[in-house]
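What follows is one structure encoded as structure tokens, with my remarks underneath.
The values are calculated or read from the model by the stated rules, or taken from the named source; none is laboratory data. As the structure is a prediction and not an experimental result, all values here were calculated from the model. Glycine gets a Cβ as well: all are built from the backbone with ideal geometry, and neighbour counts include every protein chain shown. Accessible surface is based on the protein model in full, side chains and every heavy atom, while ligands, DNA and RNA are left aside. Shrake-Rupley method; radii C 1.70, N 1.55, O 1.52, S 1.80 Å.
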Amino acid sequence: MNEAVGKPRVVNLGIQTFYDALVWQGVECVQIEWTPPVRQDEETEALLDQYL
Amino acid sequence: MKKVFVVPNRYVDSVALMGVAEKLAARDDVQGAESGMGTPANIELLESLGYPVPAGAGRYDLMIAVDAMDDAAVEAARAAALDALDNSGGAHRRVYRDLKDLPSGAFDLAQVSLPGEYAAAEVKKALRLGMDVFVFSDNVPLGEERAMKELGRELGRLVMGPDAGVGLIGGVALAAGSIVGPGGVGIVAASCSGAQEVACLLERLGAGVSEIIGTGGRDLLPEIGGITMRMALERMNRDARTRVICLVSKLADAGVMDSVLTDADRLEKPVVAVFLGGGDNLFAGHRAHGAASLQEAAEISYRLLTGETKPLGWPEQAFDTLTAKLLARVAPQRKAFRGLYCGGTFTEEALLLFRATNPQVPLTSNLNTRYARRLASHLQSEGNAILDLGAEDFTAEAPHPVFDPSLRLKRLQKELDDPEVAVVLLDFITGPGVSPNPILPFVPVIREHPEVVFITAICGAKGDPQDIAAARDALIEAGAVVADSNYQSARLAAALMAGLHGRHPHE
């Protein structure tokens, strides 16, 4: 929490309009330039999911 | 000439893509433009429009299709598209590639609106990095929703959603929410437009909200058991700014609603609850104050907060006078009502009220609901129709009407071509994350049709970037009625339909 202004600091993943809306509100925020994951077998995905 | 560019492994959301296609189509040297991810459906669509899609384009690849005069124009359009995609957010834009790259502890909240199949992995990552998570994404498998909420509970982090449309945390409006001013009511909601309506009505009454926590529409299913709603209740009970808690939902699983109300019984703070479509018996034996409509939930919350009673809407006599005046404007051959909604909960509230007050009047809808007969096709209204233009049958073909009013404008025109249409209802939703201009495009259409009664309601806050006071004035100036709340707009429409049905009782 940004104590000075009492606003949460926000990470946006996905719709860019929502990121722009945060910027418009003066929120400390970043956009994750998300890319689809490389396809992996289910076992590897479950392991990664567990440890990442 | 038509050409398709493929940008491999680049995800862009549909709202941003729509903006890019519009920008390209507005260029003088471009005849047409489309953009989309390389899904089989999008590839088929482009090919049906005569675009040659390069072999190998897949669902993880971005496609930009341009129909322009020559090579130079096509290349210029491609460059403009990529520039527009790279420069959203202007000079403030700060970009990371992955949640794991963020400085530790630098962020409090992750807002996730990725396609449903990818959301869960990122949500779990954010929870483990110590963030609360707001999940706008829909189509997240129910088992995944349960898993992410259980992980959140274990880590003491809140998972708002999936399919949460609005939120307000620390004064920051999330997703499609409004910037409602601060105050003593905390709202926990399994319904997006429902939460937004209660919050905006509280602002209109002179109060404000501490937080809006959206739980997602499935939180009160037995499979989820209200995990988020129950955590949010605890959080608001501890929160010093929150003095009254308001729960908002459509009717949900009886056992889960009861367990949530049992949790609420143990809190020190007063709780108001609206479960649209539920009867008073839901609240028997519980301390929570039950409300039958969103408006009533706001009015009770305001009374508990301030000790004052301040009703919204028209007093009885003014309502009857207005109804008679509007009915007198309707020509004898006009008899049909068309409600063109973009808010899901607003549609539900209207269906409920219409059925309760006008059981004798036939009603149709694109929704599968017990309150109306389902239309053969969502593309064609019949008789009196209440449509949810934010439902999947519409959004599968066009962006949700809160993000882009064009679908609803087109549909409105189609309804107005029907010589039987007497009354049209439109709800409007504002906020920093929705269409920058959701109301004014309708004003000239309303002005051009004085033969039709337009009833409207604006769900928005003074702090929203769209100037709702000016929009309200413009609607009134064009001849529309602007109701205080969704409930009031539906109430007026229902009274008009009762009157018109009296003229044609055998139809």
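Cross-link candidates for A:Lys7: which lysines have Cα within less than 29 Å, leaving aside residues fewer than 8 places away along the same chain?
B:Lys100, B:Lys124, B:Lys125, B:Lys149, B:Lys269, B:Lys462
In terms of modelled amide H atoms, which long-range or inter-chain residues lie less than 5 Å from the amide H of B:Gly208?
Placed amide hydrogens put B:Gly184, B:Val185 under 5 Å from B:Gly208.
Place the peptides B:232-243, B:39-50 in order of packing, highest mean first, counting for every residue the other Cβ atoms within 10 Å and averaging per peptide.
So the peptides B:232-243, B:39-50, ranked by packing, come out B:232-243, B:39-50.
Between B:Glu477 and B:Asp393, what is the FRET efficiency for a Förster distance of 51 Å, r being their Cβ-Cβ separation, to the nearest 0.05?
Plugging the Cβ-Cβ distance into 1/(1 + (r/R0)^6) gives 0.90.
In straight Cα distance, which aspartates and glutamates are under 16 Å from B:Lys335, not counting same-chain residues fewer than 8 positions off?
B:Glu382, B:Glu415, B:Asp417, B:Asp418, B:Glu420, B:Glu451, B:Glu507
Give me a single rounded figure for B:171-182: the average over its residues of other chain Cβ atoms within 10 Å of their Cβ.
Counting other chains' Cβ atoms within 10 Å and averaging over B:171-182 gives 4.
In sequence order, what are the phi-derived ³J(HN,Hα) couplings for the range B:243-250 according to the Karplus relation 6.51 cos²θ - 1.76 cosθ + 1.60 with θ = phi - 60°, rounded to whole Hz, with x for glycine and proline?
For the range B:243-250, the Karplus-derived couplings read 10, 9, 10, 10, 9, 10, 7, 6 Hz, x marking Gly and Pro.
Please report the net charge: other residues with Cβ closer than 14 Å to the Cβ of B:Pro359, K and R +1, D and E -1.
+3
Rounded to whole Hz and in sequence order, give me ³J(HN,Hα) for the range B:426-443 from the Karplus expression 6.51 cos²θ - 1.76 cosθ + 1.60, θ = phi - 60°, writing x for Gly and Pro.
10, 9, 10, 10, 10, x, x, x, 10, 3, x, 9, x, 10, 4, x, 7, 4
Write down the radius of gyration of the range B:316-503 and its Dmax, each obtained from C-alpha positions, in Å.
Rg, Dmax (Cα atoms, Å): 15.3, 44.
Between the alpha-carbon centers of the range B:175-238 and the range B:241-263, tell me the distance in whole angstrom.
Taking the Cα centre of the range B:241-263 as reference, the centre of the range B:175-238 is 11 Å away.
Among B:441-448, B:370-377, B:112-119, how do they line up from the highest to the lowest mean number of other beta-carbon atoms within 10 Å?
Those peptides, ordered most packed to least, come out B:112-119, B:441-448, B:370-377.
Kindly list the residues of the range B:100-114 that lie in the label zone of B:Asn139, defined by a backbone N under 18 Å from the point 7 Å along the Cα-to-C-beta vector.
Correct set: B:112-114.
Roughly how many Å² is the accessible area per residue of the range B:384-507, as a whole number, for a 1.4 Å probe?
With the other protein chains kept in place, the range B:384-507 gives 36 Å² per residue.
How long are the semi-axes of the ellipsoid equivalent to the protein assembly as shown, from square roots of 5 times the Cα gyration tensor eigenvalues, in whole Å, largest first?
37, 33, 21
For chain B, what is the calculated [θ] at 222 nm in deg cm²/dmol (nearest 500), taking -39500 (n - 2.57) for each run of four or more DSSP H residues and dividing by its residue count?
Roughly -12000 deg cm²/dmol at 222 nm, from the helical runs in chain B.
Excluding B:Ala33 itself, what net charge comes from residues whose Cβ is under 9 Å from its Cβ, given Lys and Arg +1 and Asp and Glu -1?
Residues close to B:Ala33 contribute a combined charge of -1.
Quick one: compute the contact order of the range B:305-431, relative version, from alpha carbon pairs under 8 angstrom and 6+ residues apart, as a percent.
Relative contact order, the range B:305-431: 34 percent.
With θ taken as phi - 60° and the coefficients 6.51, -1.76 and 1.60, list the Karplus ³J(HN,Hα) couplings across the range B:345-351 in order, rounded to whole Hz; mark glycine and proline as x.
Listing the rounded values in order: 5, 5, 4, 4, 5, 5, 4 Hz.
Bins of 10 Å, beginning at zero and ending with the bin holding the largest distance: percent of Cα pairs per bin for the range B:239-356, please.
For the range B:239-356, the pair-distance distribution reads 11, 33, 31, 16, 7, 1.
In whole angstrom, how far apart do the alpha carbon centroids of the range B:104-174 and the range B:344-413 sit?
Answer, in whole Å: 30.
State, in square angstrom and to the nearest 100, the accessible area buried between chains A and B, both chains counted, probe radius 1.4 Å.
Chain pair A/B: roughly 4200 Å² of buried accessible area.
Taking a temperature of 25 °C and a viscosity of 0.890 mPa s, what whole-number D in µm²/s does Stokes-Einstein yield for chain B with Rh from Kirkwood over alpha carbon pairs?
101
Please give, to one decimal in nm, the separation of the simple spin-label points placed at B:Leu322 and B:Asp280, each 7 Å out from Cα toward the Cβ.
2.7
Just the number, please: carbon plus sulfur as a percent of the accessible area of the protein assembly as shown, 1.4 Å probe, no ligands or DNA/RNA counted.
53
Could you give the accessible area per residue of the range B:2-92, probe 1.4 Å, as a whole number in Å²?
I get 49 Å² per residue for this part.
Using a cut-off of 9 Å between beta-carbons, work out the net charge of the residues near B:Leu109 (Lys and Arg +1, Asp and Glu -1, B:Leu109 not included).
-1
For the range B:162-258, with equal point scatterers placed on the C-alpha atoms only and solvent neglected, what are the log10 I(q)/I(0) values from the Debye formula at q = 0.11, 0.17, 0.22 1/Å, to two decimals?
-0.27, -0.65, -1.06
Counting only other chains, what is the mean number of Cβ atoms within 10 angstrom of the Cβ of each residue in peptide B:13-25?
Partner Cβ neighbours, averaged per residue: 2.
Modelling each spin label as a point 7 Å along the Cα-to-Cβ direction, I'd like the B:Leu409/B:Thr309 distance in nm, to one decimal.
With each label point 7 Å from Cα toward Cβ, the separation is 4.5 nm.
Using a 1.4 Å probe on protein heavy atoms, which residues of the range B:418-433 have at least 30 Å² less accessible area in the complex than alone?
Residues passing the criterion (a loss of at least 30 Å², heavy atoms only) are B:Pro432, B:Gly433.
Given B:Phe136, B:Val180, B:Tyr96, which one lies farthest toward the positive end of the charge dipole of the range B:91-191, if we put +1 on the Cβ of every Lys and Arg and -1 on the Cβ of every Asp and Glu?
Farthest towards the positive pole: B:Tyr96.
Averaged across the residues of B:114-122, what count of C-beta atoms belonging to other chains lies within 10 Å of each residue's C-beta?
3
Taking H as built 1.01 Å from N, whose amide H comes closer than 5 Å to the amide H of B:Val135, not counting residues under 5 places away?
When sequence neighbours closer than 5 places are left aside, the close amide H contacts are B:Val112, B:Met160, B:Gly161, B:Ala164.
Sequence gap at least 6, Cα distance under 8 Å: using those rules, report the relative contact order of the range B:164-306 to the nearest whole percent.
Value for the range B:164-306: 23 percent.
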